[in-house]
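S.K.: Sending over a structure as structure tokens; questions will come in a sec.
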Amino acid sequence: MSAMVTSALQLIQSTSPSKRQRLRHVVERKGEKSMDEFASEVRGLLEAPLQVEQSLDMSTRLQEEYREKLNASDISMLPSFQHTLPTGDERGDFLGLDVGGSTFRIALIRLGAKSNGEDGMQVRRIRSFPINKAIRDLQGQAFFDWMAERIGEMLAEYNHINGTRDARLLMGLAWSFPVEQTSPRSGRLLAMGKGFKATYGVEGQDLSELVMRSCRTRGLNVEMRAIVNDGAATLLSQAYRDPSTRMSLILGTGMNAAVFLPVKALSSGKFGERPDSWHAAAKHVLVNTELSMFGKQVWPVTRWDEELNAKHMLPDFQPLEYLVTGRYLGEIVRLILVEAITTAGMFNGEMPSRLEEDYALDTRILAAFQGDNTATLTKAKSAFLRAHTMFAPPQLRELQFIRDISQLVAQRAAVYLATALHALWTLRTTAEGLEPGEASHVTIACDGTIVEKYPDFRSSCQRHLDELCVLSGASKGAVTLEMAPESSIFGAAVAVCCLEDTSEGTRVGFAAHVEQPQHPW
Ligand code: GLC
């Protein structure tokens, strides 16, 4: 028995029962690995797949998988009805709705044509409603009733401020779940994930009708004009501002990407029932890739990723999501820490409170470690100890270990993401009949807490994307990641006015769709 284990046993005997419980891992240590050995093993495993040549090879294999799903798949590479991008000249007042994983937001958006010297996009009013467990548990129509009540409150506020009695507003909805589009303004409700029960009893029904039924019951003077996935909304929103936008990336709790592709890149079967007029007009189409579902056979994984996947409610369902999003980065690091504590003597074998619970380590704590530039890591240490109390204070080298693995796990995520985006960009370039070196500059519109706030994440992803572009014959900066703030909700409004409604032969938008207020918001 090592001296460390002997002294730990003595410590346990001299402490209270609750402390004993927390220190039990000292005697359960499975091996005699040192922290240094363990740290270098973790580093080796996480760094092994990060070489750019390897990423290029993974990108090639991903492109094959993308092509397969563009040919046939009901759950990924889903074409929308959007076949034109905004010009930036669209105008009007619209109600933007954004149903995310944890918030429902409603905003009155004013789009003012830039060419008239107006201010592009403005949020005139916005309200945010947390979606807690009670709301996620609402089943079927009850969830849409909850949405309609919030819409009603916003309309009442609008009428009150403007002195109107019953203004009619057109709505666009950004939906952060898969949807099978059946018309520009609607789609069939598909399984929602993220812990929602709204689909219970109504899966496969018309999403627009579900929302509108609840709105009609309450006598609300609104009309649903566009439904788009949040990834597609982000692309539309940024395209309104920047005409080089052809792709988008969402990276927060969940992840996704959208891409504007030539229609011919998809098989005809993917378009379902659409009027001939749509096919006659459409040269390109905005595609919701559901990128999180790709790469199961491509991404190199470690034993901690395998453990996470095996314990997941939906193993293998979203392999890329499980490696890169806010929900999982903390969990991967937690699994590594638990192993370090139980097998390599980290924290002298003491398990901090709650650290053994699944998903207990918040990704914000990883960000705190990576963002702490003090030599003593004081700020990060307090963030960690606030969430996970300990009897003995952690040592500096242990805090440095947490910082290092947070950095490695996030760096791997940035590299995998850059690889998936490079594959999508290459596929788009090839579908346009161009070589990588011939393509004009493409902007990827980005939204989500990780890409926006995790220290160094976006720059690290951009660096790798640049290296991949250069290696595949394009120039550095051929593709750039740009933040698109508030893009889901803006995109919902933009979607309303850049839809060519071929079923009615009219183009909607281009005008204010509300009674002209005397005192504009
Ligand atoms: C999930 C959903 C997807 C959504 C993404 C970002 O991966 O499947 O539809 O776009 O999260 O919110």
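S.K.: Just a yes or no: is a residue in region 258-267 of a type in the set (A, V, I, L, M, F, W, C), open to solvent by less than 50 Å² (accessible area, probe 1.4 Å), touching a strand residue (DSSP E or B) at 6+ places or on another chain (Cβ under 7 Å) and within 11 Å of the ligand (Cβ to nearest atom)?
M.R.: We begin by selecting, within region 258-267, every residue of a type in the set (A, V, I, L, M, F, W, C); these are 258-261, 263, 265-266.
Add one more test, that the residue is open to solvent by less than 50 Å² (accessible area, probe 1.4 Å), and what stays is 258-261, 263, 265-266.
This time we only want the ones that are touching a strand residue (DSSP E or B) at 6+ places or on another chain (Cβ under 7 Å), so: 258-261, 263, 266.
With within 11 Å of the ligand (Cβ to nearest atom) added as a condition, the list becomes 258.
Yes.
S.K.: Further, regarding this structure: Quick one: Asn162 ticks every box in (1) closer than 28 Å to Ala478 by Cα; (2) open to solvent by less than 10 Å² (accessible area, probe 1.4 Å); (3) polar (S, T, N, Q); (4) more than 16 Å from the ligand (Cβ to nearest atom) except a single one, so which number is it?
M.R.: (1)
S.K.: When both residues are 6+ apart or on different chains and their Cβ atoms are under 9 Å apart, which pairs have a first residue that lies in region 31-57 and is among the hydroxyl-bearing types (Ser, Thr, Tyr), and a second that is not in a helix (DSSP H, G or I)?
M.R.: Ser34/Ala344; Ser34/Gly345
S.K.: Same structure again: Go through region 288-322 residue by residue and tally those that are closer than 20 Å to Leu50 by Cα and either more than 12 Å from the chain's Cα centre (by Cα) or in the same structural domain as Thr182 (by TED's automatic domain parsing) (or both).
M.R.: 14
S.K.: Within region 283-302, can you find the residues that are away from the ligand (no atom under 14 Å from the Cβ), under 22 Å from Met58 (Cβ atoms) and in contact (Cβ under 8 Å) with a residue 24 or more places away in the chain? Don't jump to the end; show me each part of the working.
M.R.: Kept after step one, since they are away from the ligand (no atom under 14 Å from the Cβ), are these residues of region 283-302: 283-285, 296-302.
With under 22 Å from Met58 (Cβ atoms) added as a condition, the list becomes 296-302.
Selection gives Gln297, Val298, Trp299, Pro300, Thr302.
S.K.: With respect to Ala413, determine if the residue is under 27 Å from the mean Cα position of the chain (by Cα) and more than 22 Å from Phe38 (Cβ to Cβ). Explain how you work it out, then say what you get.
M.R.: Numbers: under 27 Å from the mean Cα position of the chain (by Cα): yes; more than 22 Å from Phe38 (Cβ to Cβ): no.
Taking the combined requirement at face value, the residue does not satisfy it.
S.K.: May I pose another question? Looking at region 175-192 only, could you name the residues that are among the hydrophobic types (A, V, I, L, M, F, W, C), within 8 Å of the ligand (Cβ to nearest atom) and either surrounded by fewer than 21 Cβ atoms within 10 Å (Cβ to Cβ) or in a loop (DSSP other than H, G, I, E, B) (or both)?
M.R.: Scanning region 175-192 gives a single hit, Phe177.
S.K.: Do we find that Glu149 is touching a residue at least 40 places away in the same chain (Cβ under 8 Å), surrounded by fewer than 17 Cβ atoms within 10 Å (Cβ to Cβ) and away from the ligand (no atom under 13 Å from the Cβ) in this structure? Outline the logic, then answer.
M.R.: On the way: touching a residue at least 40 places away in the same chain (Cβ under 8 Å): yes; surrounded by fewer than 17 Cβ atoms within 10 Å (Cβ to Cβ): yes; away from the ligand (no atom under 13 Å from the Cβ): yes.
Answer is yes for this residue.
S.K.: Scan region 371-387 for residues that are touching an Asp or Glu at 6+ places or on another chain (Cβ under 7 Å) and crowded, with 21+ Cβ neighbours inside 10 Å and report the count. Don't jump to the end; show me each part of the working.
M.R.: Filtering region 371-387 for residues touching an Asp or Glu at 6+ places or on another chain (Cβ under 7 Å) gives 379-380, 387.
Adding the requirement that they be crowded, with 21+ Cβ neighbours inside 10 Å leaves 380.
Result for region 371-387: 1.
S.K.: Looking at region 223-250 only, could you name the residues that are more than 8 Å from the ligand (Cβ to nearest atom), open to solvent by less than 10 Å² (accessible area, probe 1.4 Å) and of a type outside the set (Gly, Ala, Ser)?
M.R.: Going residue by residue through region 223-250, those that are more than 8 Å from the ligand (Cβ to nearest atom) are 223-228, 232-249.
Those still in the list that are open to solvent by less than 10 Å² (accessible area, probe 1.4 Å) too: 224, 226-228, 232-237, 239-240, 245, 247-249.
Answer for region 223-250, where residues must be more than 8 Å from the ligand (Cβ to nearest atom), open to solvent by less than 10 Å² (accessible area, probe 1.4 Å) and of a type outside the set (Gly, Ala, Ser): Met224, Ile227, Val228, Thr234, Leu235, Leu236, Tyr240, Thr245, Met247, Leu249.
S.K.: Right, another one. In region 401-440, how many are open to solvent by 20 Å² or more (accessible area, probe 1.4 Å) and in contact with a strand residue (DSSP E or B) (Cβ under 7 Å, 6 or more places away or on another chain)?
M.R.: Summing the residues that are open to solvent by 20 Å² or more (accessible area, probe 1.4 Å) and in contact with a strand residue (DSSP E or B) (Cβ under 7 Å, 6 or more places away or on another chain) in region 401-440 gives 3.
S.K.: If you check Ser76 against the conditions, is it under 26 Å from Ala265 (Cα atoms), buried (at least 22 other Cβ atoms within 10 Å of the Cβ) and under 24 Å from the mean Cα position of the chain (by Cα)?
M.R.: no
S.K.: State yes or no: is Leu335 assigned to a helix (DSSP H, G or I), within 16 Å of the ligand (Cβ to nearest atom) and of a type outside the set (Ser, Thr, Tyr)?
M.R.: Details: assigned to a helix (DSSP H, G or I): yes; within 16 Å of the ligand (Cβ to nearest atom): no; of a type outside the set (Ser, Thr, Tyr): yes.
So Leu335 does not fit the description; no.
S.K.: Next question. Can you run down the residue pairs with Cβ atoms below 8 Å, 6 or more apart or on separate chains, where the first is in region 305-317 and in a helix (DSSP H, G or I) and the partner is surrounded by fewer than 12 Cβ atoms within 10 Å (Cβ to Cβ)?
M.R.: That search, which allows pairs on different chains as well, returns Asn309/Asp316; Lys311/Asp358.
Residue-by-condition table, conditions (1) of a type in the set (D, E, K, R); (2) part of a loop (DSSP other than H, G, I, E, B):
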site	(1), (2)
Glu398	yes, no
Arg412	yes, no
Tyr416	no, no
Thr430	no, no
Gly433	no, yes
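S.K.: Does region 432-444 contain at least one residue that is closer than 20 Å to Gln51 by Cβ and assigned by TED's automatic domain parsing to the domain that holds Ala478? Walk me through it before giving the result.
M.R.: As a first pass, look at region 432-444 and keep what is closer than 20 Å to Gln51 by Cβ: 436.
With assigned by TED's automatic domain parsing to the domain that holds Ala478 added as a condition, the list becomes 436.
Yes: one or more hits.
S.K.: While we're on this one: When you scan region 352-362, do you find a residue that is touching a residue at least 12 places away in the same chain (Cβ under 8 Å) and outside any loop (DSSP other than H, G, I, E, B), even just one? Outline the logic, then answer.
M.R.: Applying the first criterion (touching a residue at least 12 places away in the same chain (Cβ under 8 Å)) to region 352-362 yields 352-356, 358-362.
Add one more test, that the residue is outside any loop (DSSP other than H, G, I, E, B), and what stays is none.
Scanning region 352-362 turns up no residue that is touching a residue at least 12 places away in the same chain (Cβ under 8 Å) and outside any loop (DSSP other than H, G, I, E, B).
S.K.: Go through Gly219, Gly195, Gly201 for me and flag whichever is in the same structural domain as Pro130 (by TED's automatic domain parsing), at positive phi and within 14 Å of the ligand (Cβ to nearest atom).
M.R.: Numbers: Gly219 fails: within 14 Å of the ligand (Cβ to nearest atom); Gly201 fails: within 14 Å of the ligand (Cβ to nearest atom).
Of Gly219, Gly195, Gly201, the one residue that is in the same structural domain as Pro130 (by TED's automatic domain parsing), at positive phi and within 14 Å of the ligand (Cβ to nearest atom) is Gly195.
S.K.: Now a separate question. Please go through region 193-207 and pick out each residue that is surrounded by 15 or more Cβ atoms within 10 Å (Cβ to Cβ) and over 23 Å from the mean Cα position of the chain (by Cα).
M.R.: Taking region 193-207 and keeping what is surrounded by 15 or more Cβ atoms within 10 Å (Cβ to Cβ), we get 193, 196-199, 202, 205-207.
Of everything in region 193-207, those that are surrounded by 15 or more Cβ atoms within 10 Å (Cβ to Cβ) and over 23 Å from the mean Cα position of the chain (by Cα) turn out to be Val202, Gln205, Asp206.
The values are calculated or read from the model by the stated rules, or taken from the named source; none is laboratory data. Everything numeric in this text was worked out from a predicted model, so none of it was measured. Cβ atoms come from the backbone with ideal geometry, glycine included; neighbour counts cover every protein chain shown. Just so you know, the surface numbers come from the protein's heavy atoms only, side chains and all, with ligands and any DNA or RNA stripped out. Shrake-Rupley method; radii C 1.70, N 1.55, O 1.52, S 1.80 Å.
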